[in-house]
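One structure is given below, encoded as structure tokens.
The values are calculated or read from the model by the stated rules, or taken from the named source; none is laboratory data. Small disclaimer: the values here were computed from a predicted structure and weren't measured. Counting neighbours? That spans all protein chains shown, and the Cβs are built from the backbone with ideal geometry, glycine included. To get the accessible areas, we keep the full protein, side chains included, count just its heavy atoms, and leave off ligands, DNA and RNA. Shrake-Rupley method; radii C 1.70, N 1.55, O 1.52, S 1.80 Å.
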Amino acid sequence: RQFAAYLYHRYPDAVARHFRMPQNSGTPRPTPARHPLHLAATDFEQFQNLLPVSGEDSSPPSTKNPRAIFVLSTHRSGTTLFRTMLAGHPALFAASELQLLEFDNMATRRNTFQGAESLWLEGAIRSVMEIHRCDVEKAKQIIAEYEEKATSTQDFFRVLQEWVAPQILIDKSPSYSLDPNALKRAEAYFEDALYIHLVRHPQAMVQSAENFHMHQIWRVAEHSYSNRQLAELVWSLSHRNILNFLSDVPASRQVRVQFESLVRQPQTTMEHLCRQLDIEYHSDLIEPYKEKERKMLDGIYPESMPMGDTHFHGYRRIEADVAEKWRDSTDGELADVTLELAEQLGYARKSATSSKRKGLGAQRSRRRRHRAGR
């Protein structure tokens, strides 16, 4: 009964499409909710309370690790493509999702990620497999030694940095942006850390998160939000946290990258990024599908799904059209709080009139193509 109720609430379109409810069953047939109700300002204020947040460190570390680079963003914002592009640079080791900054030591991390959540351990395992050129069992054994000793996550970061030296370690873990204390640890643990703020239009992220059922993996307490609303809350809170954190970081140690610019003008975007990071530009930065086997795009087992975008292998090159897929929808589906934050990140708000005109134009274009085909 609980599972049926869950399906009615989360997947009304699928239920209506695949099941016929008896007329006298007394159970109302679910009505697809095409346009969810707008989120209120209070939803954004209270959403942080639904998320697990790590405690603040009682005392700052006495010494800091060497410089590292952190990609700060949300899921479904092009982070897998971006990480794979960075992995093409010989001076960088772009790790999969390490999921370390939310914890003060490796034992707590292991004890937290149990059962279904053990998925979040796999990014570090896959990274160790790549560093040591070993199989999954050996990588687990290596990490277990640090878990048994309750090694601090700062020290484990340092071990990883020593293993990959002279390459600079990059950590791309979207969950950090939902935990303000995790972000603070990046600044406390590393000497002059660099931060890349990767942004994507909220409508694009929300649609992608809804299509990929991201609600199934986000660590959120019991709630009544639709999948679409949840994705919008994640986008807004993540970028609000990132902006608040970066407000105390010198401008010389942070750079913002728009996903749309990344796929439309990859070379220009990466050249600018390299100048900001003070590293030499390398042509392999815009060849994400070159030598894929060394970029950790597989899972830890042959049958495992990789961390990140599971559809990444469906492409053969950087597709500029991906930046535009969300534009058939209107900004009216997003709350004002979200749109105001998007404007702050460089996305101009489009009017309902222009959206409607564009939608009508797209319909006419489709009709013309259909008639031409006939």
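Summary of computed values
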{"read-out": "Verdict on G88 being modelled with pLDDT of 95 or more, under 24 Å from I318 (Cα atoms) and not aromatic (F, W, Y)", "value": "yes"}
{"read-out": "Enumeration of residues in segment 1-24 that are in a loop (DSSP other than H, G, I, E, B), modelled with pLDDT of 50 or more and farther than 16 Å from Q229 by Cα", "value": "R1, F19, R20, M21"}
{"read-out": "When residues of segment 250-262 are limited to those that are out of contact with any Ser or Thr (no Cβ under 9 Å at 6 or more places or on another chain) and of a type in the set (A, V, I, L, M), the one most open to solvent (accessible area, probe 1.4 Å)", "value": "A251"}
{"read-out": "Where a residue in segment 252-267 is over 27 Å from R67 (Cα atoms) and its partner, wherever it lies, is of a type in the set (K, R) and crowded, with 19+ Cβ neighbours inside 10 Å, with Cβ under 8 Å and at least six apart", "value": "E260/R200"}
{"read-out": "Helices (runs of 4 or more DSSP H) (entirely within segment 210-322) containing at least 1 residues that are farther than 26 Å from L339 by Cβ and among the hydroxyl-bearing types (S, T, Y)", "value": "266-277"}
{"read-out": "Matching residues in segment 124-139 - criterion: being more than 15 Å from Q99 (Cβ to Cβ) and among the β-branched types (V, I, T)", "value": "I131, V136"}
{"read-out": "Of the criteria (1) open to solvent by less than 30 Å² (accessible area, probe 1.4 Å); (2) within 18 Å of P180 (Cα to Cα), which one S247 fails", "value": "(1)"}
{"read-out": "Among residues of segment 175-209, those that are of a type outside the set (S, T, N, Q) and either free of Cβ contacts under 8 Å to residues at least 24 places away in the same chain or in a helix (DSSP H, G or I) (or both), counted", "value": "16"}
{"read-out": "Selection count where residues are open to solvent by 10 Å² or more (accessible area, probe 1.4 Å), of a type in the set (A, V, I, L, M) and more than 26 Å from N211 (Cβ to Cβ), scope segment 71-116", "value": "2"}
